[in-house]
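Worksheet: the structure to be examined is printed underneath.
The values are calculated or read from the model by the stated rules, or taken from the named source; none is laboratory data. Quick caveat: nothing in here was measured; it's all calculated off a predicted structure. Here the Cβ is made from the backbone with ideal geometry for all residues, glycine too, and neighbour counts use every protein chain on show.
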Amino acid sequence: MIRDVDSSAVISAHVIESPVLGAITPKELSGGVKVLILMLKDDSFVYNMSNCGNNCAKWILKIAENSNENMTEEEKKRDENYAQQNTETDQDAIAENQDREVLKFVDVFGNEYETEINPNIEKHSYDLSKFVREGDKLSYNDESFYARLGVDVSHHQGNISLDGEFENNVEGAKKAGLEVGVYFFAQAVNEAEAIEEAEFVLAHLSAYHITLPVVYDPESILDDVARTDHVTGEQFTENTVAFCNRVKEAGYEPMVYANMLWEAYNLKLEDLSDYPIWYADYELLPQTPYNFKYWQYTNEGRVDGISGNVDINIQMIEK
């Protein structure tokens with residue numbers, strides 16, 4: 001019901017993923033959905049069916065069919081008219097959208113989604129049949145691209161925080177011949193704070209020469225309350241642009257971390273076309289049609305020297 005009427009996905013009892021507002025609470029659902037839920041759960045009130053509008057008509061009928069609610073003939077007729085109008089609208093929409101390309105995908109929990117592919121965003125040209133897995137190792141090679149693997153680590157893998165261990169890890173990685181980059185988990189609620197986040201990162205990088213990108217990581221925190229819970233996708237996009245611009249000004253390569261949910265419903269990818277994407281997706285093949293330079297393809301990899309699971313990524317490099 002919620003997905004059909006509001007085009008939103010129920011992530012948990014406390015979080016709804018809205019294509020317009022991003023991560024919201026159930027309190028922020030539309031008035032139509034709220035009325036439908038009340039109709040479904042509580043038959044002690046009399047409802048004004050017009051509160052729901054045409055897009056709720058079929059749900060009104062379903063609820064009426066499966067309940068003992070007594071409706072007047074006038075109300076039943078009105079609902080039938082709503083349903084008829086909604087059907088006609090759907091048929092018109094099908095005719096208008098028949099040339100549009102639709103993508104079906106799943107999130108990390110297996111929830112299914114459907115979104116229209118944006119024709120204005122650059123698509124990747126990878127041959128998906130060239131991605132070859134051997135255990136948790138992935139390879140790719142064709143006439144246009146080759147690839148190499150890397151890991152990303154955080155406090156989940158141990159003493160990796162902005163203290164002495166961070167400096168030791170950076171220096172140790174460089175001495176071992178590894179290339180190093182960093183990512184920052186975004187919690188800014190506006191552009192000014194995003195610039196502050198960029199300045200924070202740059203201050204800690206000033207002593208090092210890193211060769212991989214500085215990545216901005218806007219994500220929803222699904223298992224806890226976050227200060228960004230009410231930040232819209234549009235604002236997240238503006239924050240991302242502000243962060244990346246400042247990083248670029250400082251001489252580093254900015255990058256944006258995103259999964260398919262964020263590409264479909266939150267970030268305005270047209271506004272981020274200047275920055276490469278680090279794409280996260282744990283399906284066997286990347287589901288995104290859009291271009292990406294890195295793919296975080298598993299969070300269950302194993303690497304010598306790191307206890308427990310680790311994220312493994314493949315970097316796509318043009319020949």
Checklist entry - Using beta carbons and a limit of 7 Å, which pairs, at least six apart or on different chains, have the first residue in the stretch 229-250 and among the acidic types (D, E) and the second one surrounded by 21 or more Cβ atoms within 10 Å (Cβ to Cβ)? => result D229/A23
Item to check | Residues being closer than 24 Å to V106 by Cβ, buried (at least 23 other Cβ atoms within 10 Å of the Cβ) and among the polar types (S, T, N, Q) - total across the stretch 213-264 | outcome: 0
Checklist entry - Restricting the stretch 31-53 to residues that are in a loop (DSSP other than H, G, I, E, B) and of a type in the set (S, T, Y), which is modelled with the lowest pLDDT? => result Y47
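Could you tell me whether the stretch 11-21 includes any residue that is at pLDDT 70 or above, exposed (fewer than 12 other Cβ atoms within 10 Å of the Cβ) and either closer than 19 Å to D229 by Cβ or of a type in the set (D, E) (or both)?
no
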Next on the checklist: Looking at the stretch 156-212 only, could you name the residues that are closer than 20 Å to A226 by Cβ, touching a helix residue (DSSP H, G or I) at 6+ places or on another chain (Cβ under 9 Å) and modelled with pLDDT under 90?
Outcome noted: S161, L162
Checklist entry - Of the conditions (1) in contact (Cβ under 8 Å) with a residue 60 or more places away in the chain; (2) in a strand (DSSP E or B); (3) of a type in the set (F, W, Y), Y279 fails just one. Which one is it? => result (1)
Checklist entry - Within the group V303, V241, V231, which residue is assigned by TED's automatic domain parsing to the domain that holds V189, β-branched (V, I, T) and in contact with a Gly (Cβ under 8 Å, 6 or more places away or on another chain)? => result V231
Checklist outcome for this item: Residue hits (the stretch 222-261; within 25 Å of E283 (Cα to Cα) and part of a strand (DSSP E or B)) are M255, V256, Y257, A258, N259
Checklist outcome for this item: Residues in the stretch 177-199 that are under 19 Å from the mean Cα position of the chain (by Cα) and part of a loop (DSSP other than H, G, I, E, B) total 5
